[in-house]
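The values are calculated or read from the model by the stated rules, or taken from the named source; none is laboratory data. None of these values were measured; they are calculated from a predicted model. Cβ atoms come from the backbone with ideal geometry, glycine included; neighbour counts cover every protein chain shown.
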């Protein structure tokens with residue numbers, strides 16, 4: 001394994017995704033490519049934000065995402081990992097697949113938020129779309145809180 005594409009969304013799941021990627025990358029001395037995709041705000045009515053406010057909001061969102069991505073990259077680099085990062089604009093699933101192909105990823109690592117099937121039906125699921133179309137293996141990391149809750153349940157049963 002040479003390259004891991006690690007998709008992060010800066011939610012509570014991000015730390016678990018990073019930890020899983022590091023566990024896999026370390027023994028293989030694999031390169032980690034951190035990826036985040038954002039979708040700029042869309043005006044759906046003429047009573048929406050003014051064009052200037054919309055552009056400012058989009059710029060703030062992009063700047064914040066870039067800063068968070070750079071912070072993660074710096075953290076991993078400081079710990080001795082070969083890391084790069086890429087910030088893209090567009091739908092998360094399509095951008096994950098595009099970046100996996102571009103970087104010739106041997107593995108895609110992304111988080112699952114544990115939404116219900118009904119939520120995924122209404123909103124869609126990045127994880128589902130990536131799984132359905134990926135040309136390499138995909139590791140789905142469950143939310144950290146679910147892991148902790150399962151460990152606690154196991155400990156209580158003993």
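In this structure, is residue 45 at pLDDT 90 or above and not in a helix (DSSP H, G or I)? So residue 45 fails the test. Restricting the first member to the stretch 48-68 and to residues that are outside any helix (DSSP H, G or I), and the second to residues that are modelled with pLDDT under 90, the beta-carbon pairs closer than 8 Å and six or more apart or on different chains are 48/54; 49/41; 49/43; 49/57. Taking the stretch 88-147 as the region of interest, none of the helices (runs of 4 or more DSSP H) fully inside it holds 3 or more residues being at pLDDT below 80, more than 20 Å from residue 11 (Cβ to Cβ) and out of contact with any strand residue (DSSP E or B) (no Cβ under 6 Å at 6 or more places or on another chain).
Just one of the listed residues (8, 17) is within 17 Å of residue 91 (Cβ to Cβ) and modelled with pLDDT of 90 or more, and it is 8. Does residue 73 satisfy the criteria of being at pLDDT 95 or above and assigned to a helix (DSSP H, G or I)? Judged against the criteria, residue 73 is a match.
Taking residue 84, is it modelled with pLDDT of 90 or more, farther than 22 Å from residue 142 by Cα, within 16 Å of the chain's Cα centre (by Cα) and assigned to a strand (DSSP E or B)? Answer is yes for this residue. Just one of (1) exposed (fewer than 13 other Cβ atoms within 10 Å of the Cβ); (2) modelled with pLDDT under 90 fails for residue 55. It is (1).
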